[in-house]
1. Enumerate the whole-percent occupancy of each 10 Å bin, from 0 to the last occupied one, for all C-alpha pair distances of the range B:93-134.
2. Past 27 Å, Cα to Cα: identify those pairs from B:Lys42/B:Lys114; A:Lys96/B:Lys73; B:Lys3/B:Lys96; B:Lys19/B:Lys114; A:Lys3/A:Lys69, in the order given.
3. Please compute the net charge surrounding A:His80, taking Lys and Arg as +1 and Asp and Glu as -1 over other residues with Cβ under 10 Å from its Cβ.
4. Using a 1.4 Å probe on the protein chains only, how many percent of the accessible area of the protein assembly as shown belongs to carbon and sulfur?
5. Which residues of the range A:107-134 show a drop of at least 40 Å² in accessible area when all protein chains are present, compared with their chain alone (probe radius 1.4 Å, heavy atoms only, ligands and nucleic acids excluded)?
6. What is the sum of charges, Lys and Arg at +1 and Asp and Glu at -1, for the other residues whose Cβ falls under 10 Å from the Cβ of A:Gln133?
7. With a bin width of 5 angstrom, please list the P(r) values of the range A:1-70 as percents of all Cα-Cα pairs, from the 0 bin to the one holding the largest distance.
8. Chains B and A: how much accessible area gets covered up at their contact, both sides added, probe 1.4 Å, in Å² to the nearest hundred?
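The values are calculated or read from the model by the stated rules, or taken from the named source; none is laboratory data. Just so it is clear, the structure is predicted and the values come from calculations on it, not from any experiment. All Cβ positions, even for glycine, are placed from backbone atoms using ideal geometry, and neighbour counts span all protein chains on display. The accessibility values were calculated without ligands, DNA or RNA, using every heavy atom of the protein model including side chains. Shrake-Rupley method; radii C 1.70, N 1.55, O 1.52, S 1.80 Å.
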There are 2 protein chains.
Amino acid sequence: MPKIKAVNHVAVVVDDMEKSLSFWRDALGMELHELRDAPAEKSQVAFLPVAGAEVELVMPTSDDSGIAKYLAKRGPGMHHLCLEVDDIDGMMTQLKGRNVRLINEEPRVAVDGKKYAFIHPESTGGVLVELYQI
Amino acid sequence: MPKIKAVNHVAVVVDDMEKSLSFWRDALGMELHELRDAPAEKSQVAFLPVAGAEVELVMPTSDDSGIAKYLAKRGPGMHHLCLEVDDIDGMMTQLKGRNVRLINEEPRVAVDGKKYAFIHPESTGGVLVELYQI
């Protein structure tokens, strides 16, 4: 049986990276591990790890990206919850067998080799859930 | 310096507990540690722990609760992110010194002795953040 191993990260869509970092990094004192552009997603991402999990702040850098549209429609706030799974292929098969609505029918592979897939909020109780196999 | 130690839980507001559990417990296979009524919050809460963190599903049981109003206004989805802190009093002082907008000016104490306080989304980039000292 495929198994959820951990909460990997919580992604937050923000409209002002510096203002957001003034809270997460400066006021809360969380470590900013990395701040980088993600051209493929037309966004800038800040990674703030804590005890094996991570808060990710995502700011769109172009108005025509999916994340920009999300921000325009819903405003800043939590975007998705990412769970680590030990066997993403097995989990996807299991989810399909239970008629869970998937955004990615098959796992995708990131540039760093991680396999990931998104599950539609309709099936989760309103949460965009990402699965990661590291 | 007070320090954020971990992501403690992610709370999700749901409108149908059984349907939500059919995803989180049955399809994903996460352990349902406890499902109980929380009369003080006029809600039912499901606790699904994973590797030191937890997904909490919260369903209002009355139309006049804060959580019911949130659900009516925003629909189901992620409600708040809870971070564990080693010194909540010190952290609250630090946040006030940086003009972070707080929902609870002073930490509150839960029935189980945990100290907690909420930070207003206005200061965080749109996320309702809870701090916990266990």
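1. P(r) for the range B:93-134, in whole percents per bin: 30, 53, 17, 0.
2. The answer is A:Lys96/B:Lys73; B:Lys19/B:Lys114; A:Lys3/A:Lys69.
3. In short, -2.
4. Numbers: 6130 of 12770 Å².
C and S atoms contribute 48 percent here.
5. The answer is A:Thr124, A:Gly125, A:Val127 - residues whose exposure falls by at least 40 Å² when every protein chain is included.
6. -1
7. With 5 Å bins starting at 0, P(r) equals 4, 17, 25, 22, 15, 11, 5, 2, 0.
8. Counting protein atoms only, the buried area is about 3100 Å².
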